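Below you'll find the structure, written out as structure tokens, and then a few comments.
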Amino acid sequence: MTRYRKLHRVRFGILSYSSTMSYLLSVTSSTRGEQSWSNKLLSEFEKQFLEIHLGASIQSRFTGDIPHLDFAAQIAGRTPLEKHSPSDTAAFALSNELTDEVIGASALVVATPMYNWGPPSSLKAWIDRIINVKSFYKQTGQLADLPVTFIIASGGLYSEGENMKHDFLRPLLDECFTRIGVQDISFINCDPAGPLDRGMVAHDSPESAYIKAQKQIPQAVTRIR
Ligand SMILES: Cc1cc2nc3c(=O)[nH]c(=O)nc-3n(C[C@H](O)[C@H](O)[C@H](O)COP(=O)(O)O)c2cc1C
């Protein structure tokens, strides 16, 4: 599909990319709404993305609505689709929908807080739903051209310095998405966000983690073809 898009673009140079782009899949995990640094940065990312890809669409997914895998969904997610019983098909329905949403996207952006040195459990529930027989147990190369961006907010500084060894979030995300065949992964880091929430640093000051993270957005957006 992606290869076709590129050929199509070269052959008919007048077509803008957005006319063949499917959608940006935009995943959020923070429950803090407009107070969330990762949500604010995601809004900015989407705005810049739409400025470049005129007419492109955005599909949003909030992980807080995704239930953890029950036993039936676990079994169904590891059973080849051609062997699915009607009850497997029913148990796999949500995972199927979420996986197809990733496979069908032209780009993926995930905005998330760090919770207890890792992902919020709802983001992990989403990951547990999208890694399955369709995406992992049978490698198809279908995600090889998917650019993936993670926007991460944490109270402390983990993207650089002494605390990096305590960061289990970025390594986990990198491992999970590399395992399902993603080759282009980029991080936008909003840390330390704690001083912003505590009013110790103004959100618009040069030392603000939010301002520093904002500056990382253009490069992440413009790499999406
Ligand atoms: C349950 C919970 C666990 C947290 N664990 C960490 C942590 O391990 N390290 C850290 O630096 N901040 C931690 N924080 C702080 C959040 O990462 C921080 O508030 C971040 O800005 C939240 O993202 P958001 O602004 O997008 O909502 C935690 C917050 C909560 C509520």
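The values are calculated or read from the model by the stated rules, or taken from the named source; none is laboratory data. Nothing here was measured: the structure is a model prediction, and the numbers come from that model. When we count neighbours, we look across all protein chains shown, and the Cβ atoms used for this are built from the backbone with ideal geometry, even at glycine. Just so you know, the surface numbers come from the protein's heavy atoms only, side chains and all, with ligands and any DNA or RNA stripped out. Shrake-Rupley method; radii C 1.70, N 1.55, O 1.52, S 1.80 Å.
Details
- Each residue of the range 113-121 is assigned a 3J(HN,Hα), and the resulting list reads x, 8, 10, 6, 6, x, x, x, 4 Hz, derived from the Karplus form 6.51 cos²θ - 1.76 cosθ + 1.60 (θ = phi - 60°), x at Gly and Pro.
- Mean ellipticity per residue at 222 nm, deg cm²/dmol - from DSSP H runs of n ≥ 4 across the chain, formula -39500 (n - 2.57): -11500 deg cm²/dmol
- Burial order of peptide ranges 67-74, 150-157 (average beta-carbon count within 10 Å, highest first): 150-157, 67-74
- Rounded to whole numbers, the Karplus 3J(HN,Hα) couplings from phi for the range 76-91 are 4, x, 10, 9, x, 4, 5, 9, 5, 7, x, 6, 4, 4, 5, 5 Hz, using 6.51 cos²θ - 1.76 cosθ + 1.60 with θ = phi - 60°, and x at Gly and Pro.
- For Val110, the residues 5 or more places off, or on other chains, whose built amide H falls under 5 Å of its own are Val27, Thr149, Phe150, Ile151.
- Between amide H atoms placed 1.01 Å from N, distances below 5 Å from Val201 occur with Leu196, all of them 5 or more places distant or on a separate chain.
- For the range 37-148, lysine pairs with C-alpha atoms less than 22 angstrom apart, excluding pairs fewer than eight positions apart on the same chain, total 5.
- Antiparallel content of DSSP bridges confined to the chain, in %, to 5: 5
- Three-way shape call for the chain based on the alpha-carbon gyration tensor, with the a/c threshold at 1.5: oblate
- A 1.4 Å probe run over the chain, with the rest of the protein chains in place, finds 52 Å² accessible per residue.
- Separation of alpha-carbon centers, the range 148-185 and the range 69-85, rounded to whole Å: 29
- Springs join every pair of Cα atoms under 10 Å in this Gaussian network model of the chain, and among Arg129, Arg198, Arg170 the largest mean-square fluctuation is at Arg198.
- Computed from backbone phi, the HN-Hα couplings of the range 105-112 come to 7, 8, 7, 10, 10, 10, 9, 8 Hz, rounded to whole numbers (Karplus: 6.51 cos²θ - 1.76 cosθ + 1.60, θ = phi - 60°; Gly and Pro given as x).
- Counting only protein heavy atoms and a probe of 1.4 Å, the accessible surface of the chain is 55% carbon and sulfur.
- Within the chain: Cβ-based charge dipole about Cα centre, in debye rounded to nearest 20 (Lys, Arg +1; Asp, Glu -1): 760
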